[in-house]
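These notes concern the structure reproduced below.
The values are calculated or read from the model by the stated rules, or taken from the named source; none is laboratory data. Keep in mind that what you see is a predicted model, and the values were worked out from it rather than measured. When we count neighbours, we look across all protein chains shown, and the Cβ atoms used for this are built from the backbone with ideal geometry, even at glycine. Keep in mind that these areas ignore ligands, DNA and RNA; they rest on the heavy atoms of the full protein, side chains included. Shrake-Rupley method; radii C 1.70, N 1.55, O 1.52, S 1.80 Å.
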Amino acid sequence: MAMRQTPLTCSGHTRPVVDLAFSGITPYGYFLISACKDGKPMLRQGDTGDWIGTFLGHKGAVWGATLNKDATKAATAAADFTAKVWDAVTGDEVLTLAHKHIVKSVNFTQDSSCLLTGGNDKTIRIYDLNKPEAEPQEITGHTSAIKKALWCNNDTQILSAADDKTVRLWDRNSTAVVKHLSFDMSVSSMEYIPDGEVLVITYGKTIAFYNALSLDMIKTVDAPASIHTASLHPDKDFFVAGGDDFKLYKYDYGTKEELESYKGHFGPVHCVRFSPDGELYASGSEDGTLRLWQTEVGKTYGLWKCVLPEELVSENSDTIYCTPAAPEIKA
């Protein structure tokens, strides 16, 4: 049965899209935030890519963006030496957190009470959002810029990846390093899956999976091109990855077999993430667009409508056209 992947293109950014994140599933659906070098992070409806609003206030490239679980708060990390917390419902800026250098990463605790930041000053910071005037807790040890810092193990531990070619697991209370991984090159991305405690790391052409608590390796997969980002499906059936060759690759997680590859972007892929329901994945690229891709091509979902155009095919044909509800989708 031949089916063609038709991604939805989300325009609006004017520079490369470097980070994206989904909220959890809320009574209003789920949401998607994107970070871009144009300094204007955007909020969208997650299943359709429809633009909801733009967070205005940063004075430099935005390198990281995240939403809390219920999509009531957003946080952004930027080149203007600040992290900002926003009301994701009104779009209003709630807090500006001054840093000593470019901020690359922001991550909320599950209860949204604390924000974790990391960046070029090599320091991890924990801000108590209920006491914004209080000094943040600082965790040092990395010897180069931090690319990503994420809560793990029910917010009792922190995972960080840095340009010093290490990934470190820290204890939140003692701030001590519990375990660490060393690589031959810089880690390009890191994703943490709480369900099953899986850590997804990319470096060079490799996508590697680790147990997030022990940092024991589960498996590695080598892709045909240099990879910048990867995401594991919520059901852990498969994972997607993207990088230098503009393509998105889909692999079977169990067998490591390459299932599909799609070219839709006109520049390297910097970020990819599965939606919380696993029905789609979003990618962000150097070309300034986000694209939404169906996990199961041919399923009616969001703006995709699966139709069998009887008038175009013979009765014996098994070709299914899965097309967006509108002829040209540019959310």
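General remarks:
- Solvent exposure of the chain, expressed per residue, is 42 Å² of accessible area, with all protein chains present and a 1.4 angstrom probe.
- Equivalent-ellipsoid semi-axes of the stretch 157-200, from the Cα gyration tensor, Å, largest first: 17, 15, 7
- Each Cα pair under 8 Å and six or more residues apart adds its sequence gap; the mean of these over the residue count of the stretch 95-187 is a relative contact order of 19 percent.
- Here the accessible area is traced with a 1.4 Å probe on the protein chains. For the stretch 34-158, carbon and sulfur cover 49 percent of it.
- Dipole check for the stretch 146-249: with +1 at the C-beta of Lys and Arg, -1 at the C-beta of Asp and Glu, and the Cα centre as origin, the magnitude is about 180 Debye.
- Applying D = kT/(6 pi eta Rh) to the chain, where Rh is the Kirkwood radius over alpha-carbon pairs, T corresponds to 4 °C and eta to 1.567 mPa s, the Stokes-Einstein value obtained is 64 µm²/s.
- Area projected by the alpha carbon convex hull of the stretch 1-151, averaged over all directions, nm²: 10.5 nm²
- Overall shape: oblate for the stretch 83-129, with the ratio a/c of the largest to smallest alpha carbon gyration tensor axis at 1.5 or above and b/c at least equal to a/b.
- For the stretch 118-265, the calculated P(r) over all alpha carbon pairs, in 5 Å bins from 0 to the bin holding the longest distance, is 2, 9, 19, 20, 18, 13, 9, 5, 2, 1, 0 percent.
- Square roots of 5 times each gyration tensor eigenvalue, C-alpha, the stretch 32-99, largest first, Å: 19, 13, 9
- Largest-first principal axis extents, alpha carbons of the stretch 225-274, Å: 29, 18, 17
- Interchain or long-range residues, amide H under 5 Å from LYS122's placed H: ILE146
- Label-point separation in nm, VAL89 to ASP277, each point 7 Å along Cα→Cβ: 2.2 nm
- Positive-end residue of ALA230, ALA75, SER275, charge dipole of the chain with Cβ unit charges: ALA75
- Dipole of the chain, positive direction: furthest Cα of GLY60, SER160, HIS13, with charges on the beta-carbon: GLY60
- Distance histogram in 5 Å bins (all Cα pairs of the stretch 191-302, percent per bin): 2, 13, 24, 25, 21, 10, 4, 1
- Table column - 3J(HN,Hα) (Hz), the stretch 274-290, Karplus curve with 6.51, -1.76, 1.60, x for Gly and Pro: 6, 5, x, 8, x, 7, 8, 10, 10, 10, x, 9, 4, 6, x, 10, 9
- Cβ-based charge dipole, the chain, positive-most Cα from TYR203, TRP304, PHE246: TYR203
- Placing +1 on the Cβ of every Lys and Arg and -1 on the Cβ of every Asp and Glu, with no other charges, gives the chain a dipole of roughly 880 debye about its Cα centre.
- For the stretch 108-115, 3J(HN,Hα) computed residue by residue from phi via the Karplus equation (6.51, -1.76, 1.60; θ = phi - 60°) reads 7, 5, 4, 8, 6, 7, 10, 10 Hz, glycine and proline entered as x.
- 3J(HN,Hα) from dihedral phi, the stretch 136-142, Karplus parametrisation 6.51/-1.76/1.60, rounded to Hz, x for glycine, proline: x, 6, 10, 10, 10, x, 5
- Contour excess over end-to-end distance, with Cα ends at ALA134 and ASP111 and 0.36 nm allotted per residue: 6.4 nm
- LEU129 long-range amide H proximity, modeled H, under 5 Å: CYS114, LEU115
- Label-to-label distance, LYS205 versus THR54, with points set 7 angstrom from Cα along the beta-carbon direction: 3.9 nm.
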